[in-house]
Amino acid sequence: MCLTVRCGGDAPHGTVNRVIDTAQPPETHDLPPAPLPLPRGGTGARRGPLALLRRSPVRDRLGRRLLATFVVAALAVPVTGAARPEAVPAPVPPPLPPLRAATTASLAERYAATRGAVEAAMRTAAAAGHRWRAAMLRAMAGPTRHFLSFDGRDGGRAAEVFGDLAAADRIAVIVPGSGTGLDTYGLLRGGSMRLQRALGPRGAVVAWLGYRTPSTVSLQAMTPGRADEAVPALRAFVRDLARLRPAARISLVCHSYGGVVCGRAAPGLDVADIVLCGSPGAGVDDAAAMRTRAAVWAARGTGDWVGHLPHAALRLPFGTIGLGEDPVDPRFGARIFAAGDGGHSDYLKAGSPALANIARIVSGHAPAEVSRVS
């Protein structure tokens with residue numbers, strides 16, 4: 001998920017959500033961050049920051065923005081010293097020649113080259129004693145896995161293809177949110193596989209882990225800084241994909257903090273749809289500010305804890321605090337579709353109304369049902 005204040009750009013990022021289809025510690029991604037203590041001082045009963053937001057008598061728009069920003073700042077202070085996992089060493093991947101055509105033969109050559117990079121990273125992780133990362137990379141190096149790009153450094157970057165990209169006429173690019181990395185990649189992979197199955201044989205999905213995601217509970221998750229760092233890479237990837245498959249319909253499916261990435265990158269993206277799922281904001285004031293010809297969609301499950309977060313942004317001389325307006329607020333201007341009663345990680349869950357509606361949108365159809373989110 002995500003809210004965000006940018007601190008040192010060189011800080012390694014952490015991981016907290018689980019790996020689907022792989023044994024791992026208990027789920028934390030669907031739970032809101034644990035309550036954090038407010039600074040000591042003052043008199044009277046202490047109330048949580050969200051309760052303050054809900055009970056505030058301030059009604060005007062500016063007042064709500066300032067109060068939400070205060071809550072964000074109060075939450076940010078206690079986590080500045082949060083422990084982060086050590087970076088796992090990985091070799092510099094060899095340069096890849098430009099992919100000049102999305103043919104079966106050329107894609108097979110690219111997949112073989114990236115498999116070699118995954119295997120090299122696996123050996124390095126194993127030699128350094130990082131058994132969990134080595135096991136994850138061993139699975140990624142399997143003969144049925146297809147990566148357009150891979151870099152094991154700094155938490156990992158990857159673009160994995162599900163389906164036949166050479167024959168696809170509809171392509172979904174999934175942009176994940178905070179806490180996503182090679183150690184927690186199973187959640188992204190599982191959702192990508194389910195969406196591809198829902199799209200059918202003429203559909204392909206690319207899981208785009210192309211940026212350094214912030215930790216779920218971190219200062220970076222409270223500002224658009226990491227999203228801004230991701231913008232050039234996402235624009236370049238979509239541009240190359242459109243060049244390779246000019247007749248295909250390309251859509252972005254942006255989960256959680258990934259919605260901030262898509263919102264900030266939107267003016268430079270030639271896509272049919274931008275779908276914001278469980279996003280705490282899009283890094284902009286409204287859909288019009290995204291300056292895109294794409295249809296902007298938004299959804300949030302009734303069980304998603306993101307709905308309880310403050311939605312605002314305060315622009316300061318050193319940067320922006322907060323992630324902007326709520327994408328499912330009618331004032332934002334997105335097209336709202338039903339996501340059911342799922343939690344924060346359930347938008348691509350098998351059998352969910354969210355998955356069915358996202359597949360329809362990516363295929364160029366209207367969602368089966370719309371929703372009014374309070």
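Look at (1) outside the structural domain of THR216 (by TED's automatic domain parsing); (2) buried (at least 19 other Cβ atoms within 10 Å of the Cβ); (3) closer than 30 Å to ILE358 by Cβ; (4) within 25 Å of the chain's Cα centre (by Cα) and you find that ALA102 fails only one, number (4).
Scanning segment 151-193 for residues that are assigned to a helix (DSSP H, G or I) and either of a type in the set (Phe, Trp, Tyr) or under 22 Å from ARG245 (Cβ atoms) (or both) gives TYR185, LEU188, ARG189, GLY191, SER192, MET193.
Set side by side, the residues GLY307, GLY301, GLY278 differ, and just one is modelled with pLDDT under 90 and either under 18 Å from ALA354 (Cβ atoms) or among the aromatic types (Phe, Trp, Tyr) (or both), which is GLY307.
Here's the yes/no breakdown for (1) in contact with a Ser or Thr (Cβ under 9 Å, 6 or more places away or on another chain); (2) not in a loop (DSSP other than H, G, I, E, B):
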site	(1), (2)
VAL271	yes, no
VAL275	yes, yes
VAL284	no, no
GLY303	no, no
VAL306	yes, yes
ARG315	no, yes
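Every listed requirement among (1) more than 20 Å from THR223 (Cα to Cα); (2) over 18 Å from the mean Cα position of the chain (by Cα); (3) surrounded by 24 or more Cβ atoms within 10 Å (Cβ to Cβ) is met by PRO310 save one, (1). Selection of segment 217-240 for residues being crowded, with 24+ Cβ neighbours inside 10 Å, in a helix (DSSP H, G or I) and out of contact with any helix residue (DSSP H, G or I) (no Cβ under 7 Å at 6 or more places or on another chain) yields only ALA221. Put simply, of ILE358, ILE321 the only residue that is farther than 23 Å from MET193 by Cα and of a type in the set (Val, Ile, Thr) is ILE321.
Evaluate segment 203-215: report whether one residue or more is in the same structural domain as ILE321 (by TED's automatic domain parsing), in contact (Cβ under 8 Å) with a residue 60 or more places away in the chain, in contact with a Leu (Cβ under 7 Å, 6 or more places away or on another chain) and not in a loop (DSSP other than H, G, I, E, B). Within segment 203-215, not a single residue is in the same structural domain as ILE321 (by TED's automatic domain parsing), in contact (Cβ under 8 Å) with a residue 60 or more places away in the chain, in contact with a Leu (Cβ under 7 Å, 6 or more places away or on another chain) and not in a loop (DSSP other than H, G, I, E, B).
The values are calculated or read from the model by the stated rules, or taken from the named source; none is laboratory data. Quantities reported herein were computed from a predicted structural model and do not represent experimental measurements. All Cβ positions, even for glycine, are placed from backbone atoms using ideal geometry, and neighbour counts span all protein chains on display.
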